[in-house]
Structures are given as structure tokens and as C-alpha cells.
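One structure is given below, encoded as C-alpha cells.
Coordinate-derived values only; no laboratory data. Small disclaimer: the values here were computed from a predicted structure and weren't measured. Virtual Cβ from ideal backbone geometry, glycine too; neighbours counted across all protein chains shown.
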Amino acid sequence: MTPAQLREFCLSFNAAVEEFPFTPETSVFKVLGKVFALTALDAEPLKVNLKCDPELAVRLREEYAAVVPGYHMNKRHWNTVTVGGPGALPEEMVRELVEDSYDLVVAGLPKTERLRLDRP
């Protein structure tokens with residue numbers, strides 16, 4: 001997955017926005033003010049922090065070298081995933097993990113906001 005593909009996919013979700021609260025190089029993708037993905041799109045290799053169910057996070061880390069505890073994040077709930085370069089996860093799996101991250105963040109929103117996003 002290229003940086004442009006990752007950015008486009010993150011922005012394809014309902015109400016997703018890209019912000020730069022830390023540095024101009026660090027893209028933070030949010031839904032209604034809540035972070036679901038964080039990446040430096042110009043980094044080599046390309047990596048992204050994604051929210052993950054804690055049990056799944058442990059299994060993914062055990063199975064894939066490209067998945068490690070979230071850098072500068074709550075390591076129980078976040079993974080850093082290598083999405084570009086040698087040893088990266090397959091693109092389809094990256095897409096699933098990004099969508100899972102978005103869904104987990106949306107699930108934590110108040111019901112009225114979830115309904116506005118058409119995601120009960």
C-alpha cells in the first residue's frame with residue numbers, strides 16, 4: 001500500500017478528516033474528533049498506528065512481525081502496523097485493520113453520533 005492509497009482509504013470513511021496536531025509530517029485521521037489512524041505518510045517504511053481489540057492485538061503481534069505494540073500509544077489498544085516496504089502486511093489485511101480501527105472508535109461514540117454516521 002502506498003502513502004497516497006493509505007490516505008485515500010482513511011478519508012473514505014464517513015466523517016473522516018485528516019489533521020496535523022503534532023507536526024506537518026504526521027497525519028492524524030479522526031472521526032468526529034476521535035483518532036482512528038496516525039501515520040507519517042513520508043516515512044520509510046510506511047507505518048500506521050491503529051486501534052485494535054486487545055485480544056486481537058496480541059494475536060496479530062504474535063503472528064506478524066509487521067505488527068508491534070502502538071508507538072507512543074496505549075499498547076493494550078493500539079498497534080503499529082508496517083504497511084509499506086519489505087515485510088509489510090498484505091494490502092487487504094491493512095484495509096481490514098484500518099476499518100476495524102474506525103469501527104472501534106465509532107463504537108465508543110455516543111449513540112446519537114453513531115446514528116448520524118449510519119453505524120449502529
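For E96, are the conditions met, namely being within 15 Å of F13 (Cα to Cα), loosely packed, with under 13 Cβ neighbours inside 10 Å and of a type in the set (D, E)? It would help to see each step written out before you state the result.
Numbers: within 15 Å of F13 (Cα to Cα): yes; loosely packed, with under 13 Cβ neighbours inside 10 Å: yes; of a type in the set (D, E): yes.
Considered against the rule, which asks whether it is within 15 Å of F13 (Cα to Cα), loosely packed, with under 13 Cβ neighbours inside 10 Å and of a type in the set (D, E), E96 comes out as yes.
Scan A37, A66 and give me the residue that is under 18 Å from S12 (Cα atoms), buried (at least 21 other Cβ atoms within 10 Å of the Cβ) and touching a strand residue (DSSP E or B) at 6+ places or on another chain (Cβ under 6 Å).
On the way: A66 fails: under 18 Å from S12 (Cα atoms).
So the residue among A37, A66 that is under 18 Å from S12 (Cα atoms), buried (at least 21 other Cβ atoms within 10 Å of the Cβ) and touching a strand residue (DSSP E or B) at 6+ places or on another chain (Cβ under 6 Å) is A37.
Go through region 40-55 and give me each residue that's in contact (Cβ under 8 Å) with a residue 40 or more places away in the chain and surrounded by 12 or more Cβ atoms within 10 Å (Cβ to Cβ). Don't jump to the end; show me each part of the working.
Filtering region 40-55 down to residues in contact (Cβ under 8 Å) with a residue 40 or more places away in the chain leaves 44-46, 48, 50-53.
Listed by number, the residues that qualify are P45, L46, V48, L50, K51, C52, D53.
Please tell me if R95 is touching a residue at least 60 places away in the same chain (Cβ under 8 Å) and not in a loop (DSSP other than H, G, I, E, B).
Numbers: touching a residue at least 60 places away in the same chain (Cβ under 8 Å): yes; not in a loop (DSSP other than H, G, I, E, B): yes.
Yes.
Are any residues in region 77-93 surrounded by 12 or more Cβ atoms within 10 Å (Cβ to Cβ) and charged (D, E, K, R), and if so, which ones?
Selection gives E91 alone.
Is it true that N49 is over 19 Å from Q5 (Cβ atoms) and not charged (D, E, K, R)? Before the answer, list the steps.
Numbers: over 19 Å from Q5 (Cβ atoms): no; not charged (D, E, K, R): yes.
It is false that N49 is over 19 Å from Q5 (Cβ atoms) and not charged (D, E, K, R).
Name the single residue that is surrounded by the most Cβ atoms within 10 Å (Cβ to Cβ) among those in region 2-31 being under 15 Å from S101 (Cβ atoms) and among the charged types (D, E, K, R).
Taking the candidates together, the pick is K30.
Of the residues in region 20-46, how many are of a type outside the set (G, A, S) and within 17 Å of V106 (Cβ to Cβ)?
At the first step, the residues of region 20-46 found to be of a type outside the set (G, A, S) are 20-26, 28-32, 34-36, 38-39, 41-42, 44-46.
Narrowing the set further to residues that are within 17 Å of V106 (Cβ to Cβ) leaves 28-32, 34-36, 38.
Of the residues in region 20-46, 9 are of a type outside the set (G, A, S) and within 17 Å of V106 (Cβ to Cβ).
Residues in region 104-116: is at least one of a type in the set (S, T, N, Q), surrounded by fewer than 16 Cβ atoms within 10 Å (Cβ to Cβ) and either in contact with a helix residue (DSSP H, G or I) (Cβ under 7 Å, 6 or more places away or on another chain) or assigned to a loop (DSSP other than H, G, I, E, B) (or both)?
Residues of region 104-116 of a type in the set (S, T, N, Q): 112.
Narrowing the set further to residues that are surrounded by fewer than 16 Cβ atoms within 10 Å (Cβ to Cβ) leaves 112.
With either in contact with a helix residue (DSSP H, G or I) (Cβ under 7 Å, 6 or more places away or on another chain) or assigned to a loop (DSSP other than H, G, I, E, B) (or both) added as a condition, the list becomes none.
Looking for residues that are of a type in the set (S, T, N, Q), surrounded by fewer than 16 Cβ atoms within 10 Å (Cβ to Cβ) and either in contact with a helix residue (DSSP H, G or I) (Cβ under 7 Å, 6 or more places away or on another chain) or assigned to a loop (DSSP other than H, G, I, E, B) (or both), one finds none in region 104-116, hence no.
Collect the residues in region 60-79 that are part of a helix (DSSP H, G or I) and in contact with a Cys (Cβ under 9 Å, 6 or more places away or on another chain), keeping them in residue-number order. Even if it seems obvious, please write down each step before you answer.
So in region 60-79, the residues part of a helix (DSSP H, G or I) come out as 60-63.
Once the filter is applied, which keeps residues that are part of a helix (DSSP H, G or I) and in contact with a Cys (Cβ under 9 Å, 6 or more places away or on another chain), region 60-79 yields only L60.
Among what's in region 32-59 and is assigned to a loop (DSSP other than H, G, I, E, B), farther than 16 Å from D103 by Cα and aliphatic (A, V, I, L, M), pick the residue that is farthest from the chain's Cα centre (by Cα).
Here is the first cut: in region 32-59, the residues assigned to a loop (DSSP other than H, G, I, E, B) are 32-33, 41-46, 52-53.
Within this subset, residues satisfying the condition of being farther than 16 Å from D103 by Cα are 41-46.
Keeping just the survivors that are aliphatic (A, V, I, L, M) gives 41, 43, 46.
Details: L41: 12, A43: 15, L46: 12 Å.
Ranking the candidates gives A43 first.
Which members of region 4-31 meet the condition of being free of Cβ contacts under 8 Å to residues at least 40 places away in the same chain, assigned to a loop (DSSP other than H, G, I, E, B) and small (G, A, S)?
S12
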